[in-house]
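A short worksheet on the structure shown next.
The values are calculated or read from the model by the stated rules, or taken from the named source; none is laboratory data. Predicted, not measured: the structure shown is a model, and the values here were computed from it. Here the Cβ is made from the backbone with ideal geometry for all residues, glycine too, and neighbour counts use every protein chain on show. For the accessible areas, the whole protein counts, side chains as well, though only heavy atoms, and no ligand, DNA or RNA atoms are used. Shrake-Rupley method; radii C 1.70, N 1.55, O 1.52, S 1.80 Å.
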Amino acid sequence: MDKFTLAALLDEDRDMVLANIASDRALASAQAVLEKAIDRVMYRYVERCEDAAQRDSAQHILQAMKNTLPLMDAVGETRAWKKEYEAEGRKGLRMDVLTLVLLIAGALLVLASVIGMLIGGQTGGALAFLKVLLPTLLGGGCLFLSGLRASKPGKSKPDARVDMVRTEYLVDAEKAWHCLRGAMLQADGQLERIRQENVAHVQREAELAPVGGVPAAELELFAELLETAYSDQSDSGLESASAIRFFLHNAGIDIVDYAEGRDGWFEFLPAQHPGTIRPALVSEGKLLRKGLASSTR
């Protein structure tokens with residue numbers, strides 16, 4: 001019977017379970033390995049167990065075990081990684097006061113140069129062109145500086161850092177195995193208690209079951225009728241006793257009168273002459289109802 005216990009079936013896969021956990025000690029991977037081990041035990045137990053009630057109980061217990069397996073108790077090592085990096089600077093154009101002043105000044109200088117060239121070109125010729133060249137150059141320089149400042153990214157603060165921490169739990173293979181095997185031993189204990197309760201229930205039902213289809217209440221009634229018939233020595237009393245005897249015999253129950261060696265089947269009342277007051281009811285050598293007899297002792 002030991003070979004059908006859950007713990008014994010699990011022991012058959014010990015080396016494989018330990019090797020699979022050792023190959024990947026991550027918590028999720030070890031959990032998957034143990035769940036597969038439980039499934040293999042369940043399949044083999046169901047195949048070998050002939051008791052349907054025990055099979056159903058084992059399946060429910062093992063399924064609950066998969067959902068509640070305390071794998072965190074098997075963690076043997078913890079690793080943590082921390083990554084630090086500076087936050088990125090502000091993106092987009094930086095339009096501060098100086099940038100706006102340079103932009104406006106440059107635009108006005110260029111616009112004034114263009115207007116002055118148009119007006120002076122009609123009256124002054126080449127000399128007028130030379131007069132507007134300097135404002136044009138100054139205006140272009142202001143626009144260039146304005147664009148350069150606007151496109152320059154902002155600086156990050158020295159303490160603007162972002163930390164990322166990652167923790168990894170590594171399972172100890174031996175600890176995980178002992179957790180799983182301990183759970184299997186508990187499951188075996190539960191199955192044994194269920195088996196004993198089922199046996200006791202069957203025995204109680206057998207004891208309460210009517211013998212030959214005759215319920216206990218009716219047996220008590222027949223015993224009282226037999227006592228009445230035995231006390232009546234008339235023909236009608238004898239016929240009643242004979243009819244009851246025939247009915248109970250067909251149901252597998254015998255009517256037994258008192259005789260030497262049958263003291264355990266009767267209760268006794270003192271009298272001048274020994275005899276049967278109420279016969280005992282017996283089925284296959286098993287006493288169902290005690291009889292009543294008279295005794296001179």
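What distance in nm separates the two pseudo spin-label positions at VAL97 and GLN63, each 7 Å out from Cα along the beta-carbon direction?
Label-label distance for VAL97 and GLN63, simple model: 7.6 nm.
Simple spin-label model, 7 Å along Cα-to-Cβ: GLN272 to SER231 in nm?
If labels sit at GLN272 and SER231, their model points lie 1.9 nm apart.
Provide the per-residue ³J(HN,Hα) series for segment 52-61, in order, calculated from phi with Karplus coefficients 6.51, -1.76, 1.60 and θ = phi - 60°, each as a whole number of Hz, with x at glycine and proline positions.
Once rounded to whole Hz, the list reads 5, 5, 5, 5, 5, 5, 5, 5, 5, 5.
Amide H neighbours of PHE266 under 5 Å, at least 5 residues apart or on other chains, H built in the peptide plane: list them.
GLY291
Quick one: what are the phi-derived ³J(HN,Hα) couplings along segment 280-296, Karplus 6.51/-1.76/1.60 with θ = phi - 60°, whole Hz, x for glycine and proline?
Using θ = phi - 60°, the values come out as 7, 10, 10, 9, 6, x, 9, 6, 9, 9, 5, x, 10, 9, 9, 8, 8 Hz.
Could you give the Stokes-Einstein D for segment 215-297 in µm² per second, using the C-alpha Kirkwood radius, 4 °C, 1.567 mPa s?
In µm²/s, the coefficient rounds to 100.
Gain in length, ASP39 to GLU239, computed as 0.36 nm per residue apart minus the alpha-carbon separation, to one decimal in nm?
Net length gain for the segment: 65.2 nm.
For segment 171-185, just list the computed ³J(HN,Hα) in residue order, Karplus coefficients 6.51, -1.76 and 1.60, θ = phi - 60°, integers in Hz, with x standing in for Gly and Pro.
These are the phi-based 3J(HN,Hα) values: 8, 7, 4, 5, 4, 4, 4, 5, 4, 5, 5, x, 5, 5, 5 Hz.
Measuring from centroid to centroid over Cα atoms, what is the spacing of segment 260-287 and segment 169-183 in Å?
Here the answer is 66 Å between Cα centres.
Nearest 0.05, what FRET efficiency do GLU224 and VAL199 give at R0 = 35 Å with Cβ-Cβ as r?
FRET efficiency, GLU224 to VAL199: 0.50.
Given H placed on each backbone N at 1.01 Å, which residues far from VAL214 in sequence or on other chains put an amide H within less than 5 Å of it?
none
Rounded to the nearest 10 Å², what accessible area does HIS249 have for a 1.4 Å probe in the complete protein model?
120 Å²
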